[in-house]
Amino acid sequence: MGVSASSASYDSTWEEDEDDSSAETERSSVCSREVLYPKAQEVPRNPKERKPKQYQYMFSDAARNMQGYRHRFQPLGSNYQSSPDEMPNLMFYKNQMKFRPNGLYIEDLLRNWKDQYDILEENHDYIQWLFPLRQPGRNPHATPLHEDEIKMMKNDEEVKRRLCEAYKLMLGFYGLQLLDESTGRVGRAQNWQERFRNLDSNSHNNLRITRILMCLGDLGYEHYQVPLIRFFLEETLRNGNLRHVKRSVLDYFMFSVRDKNERKGLVQFAWELYEPKYQFIWGPMNSEEDICCSPCCLCISKL
């Protein structure tokens, strides 16, 4: 059963009362059904040619997917039924089982795969175990997280230590390093140019980074999200690097942050760096729900 886009186009970045529990329950029931979103159109180069209601990002698949993650909606079409008796993600992170298929214990992975860039690039089975999410992925041997498992993993210091080590492992693979474990501040590694070339040439890593950000948000490392996203915004928008990563940074990375104020800050930061301004479609809208054809400081302050 479908619903109209107007009744399901909620985007909490721009709306008020995001934390209202009754509203979230209502939106969850709506988004558990098939939602029809209009297709995004090309943005005219001339800002005068832009039309009201042509707010592309709100109606994109990326917006729908990231909104679903932020509000913990059940993925569309998912028949997965979680069981509190099955906690393979917890067992893997407690070093009690190997990742499947044909995998390693997590301690062996963290120790032996550090700087093994070819393995980290070519093996596609480990990433869903290192950074599990609530929804099923492409590895049929990996199991989605469920609420009881998330709670136990967030409260287990051993698990949290290994998650941090897994994060540092992948940062190194992408040419980054964790500069401050308390704040999550990141910077370039010494071999960043070589690793940036690999990242820019293999688009599946955009999906991996989105997964990493979402997992950090689910398993207690929310404060690591914003520093990583700001780093990618600076590299793509200010420094002109990673041109094949830029769209994922704007469509997905920014909107993985559940805290609305932090998400607004990222959008404002992105707008400040973005050129040309009139093509910035991640936006805000004004109070009449029309497009602000040329985002400005006044409009950004209303976010």
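The values are calculated or read from the model by the stated rules, or taken from the named source; none is laboratory data. Just so we're clear, the structure is a prediction, and the values are computed from it rather than from any experiment. Every residue, glycine as well, gets a Cβ built from its backbone with ideal geometry; the counts of neighbours run over all protein chains shown. Only protein heavy atoms, including side chains, enter the accessible area calculation; ligands, DNA and RNA are left aside. Shrake-Rupley method; radii C 1.70, N 1.55, O 1.52, S 1.80 Å.
Residue-by-condition table, conditions (1) under 18 Å from the mean Cα position of the chain (by Cα); (2) open to solvent by less than 10 Å² (accessible area, probe 1.4 Å):
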{"residue": "Gly172", "(1), (2)": "no, no"}
{"residue": "Leu176", "(1), (2)": "yes, yes"}
{"residue": "Arg188", "(1), (2)": "no, no"}
{"residue": "Glu194", "(1), (2)": "no, no"}
{"residue": "Leu207", "(1), (2)": "yes, no"}
{"residue": "Thr210", "(1), (2)": "yes, no"}
{"residue": "Leu213", "(1), (2)": "yes, yes"}
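In this structure, Gly184 qualifies as modelled with pLDDT of 95 or more, open to solvent by less than 30 Å² (accessible area, probe 1.4 Å) and in a loop (DSSP other than H, G, I, E, B). Scanning the range 97-124 for residues that are surrounded by 13 or more Cβ atoms within 10 Å (Cβ to Cβ) and not in a loop (DSSP other than H, G, I, E, B) returns Ile106, Leu109, Leu110, Tyr117, Ile119, Leu120, Glu121. The set of residues in the range 142-169 that are part of a helix (DSSP H, G or I), farther than 19 Å from Ile119 by Cα and acidic (Asp, Glu) comprises Glu147, Asp148, Glu149, Glu157, Glu158. Comparison of Arg263, Arg243, Arg247 shows that the only residue that is at pLDDT 95 or above, within 13 Å of the chain's Cα centre (by Cα) and either surrounded by fewer than 20 Cβ atoms within 10 Å (Cβ to Cβ) or not in a helix (DSSP H, G or I) (or both) is Arg247.
Looking only at the range 192-211, residues that are touching an Asp or Glu at 6+ places or on another chain (Cβ under 8 Å) and either farther than 16 Å from Val249 by Cβ or small (Gly, Ala, Ser) (or both) come to 1 in all. Can you confirm whether Glu235 is surrounded by fewer than 18 Cβ atoms within 10 Å (Cβ to Cβ), outside any loop (DSSP other than H, G, I, E, B) and at pLDDT 95 or above? Criteria not met by Glu235. The residues listed here are Glu222, Glu147; of these, the one that is modelled with pLDDT under 95 and either within 25 Å of Tyr69 (Cα to Cα) or of a type in the set (Val, Ile, Thr) (or both) is Glu147.
Among all residue pairs at least 6 apart or on different chains, which show Cβ distances below 6 Å where the first residue, located in the range 101-115, is more than 17 Å from Leu171 (Cβ to Cβ) and free of Cβ contacts under 8 Å to residues at least 40 places away in the same chain and the second is open to solvent by less than 90 Å² (accessible area, probe 1.4 Å) and not in a helix (DSSP H, G or I)? So the pair list comes out as Tyr105/Asn95.
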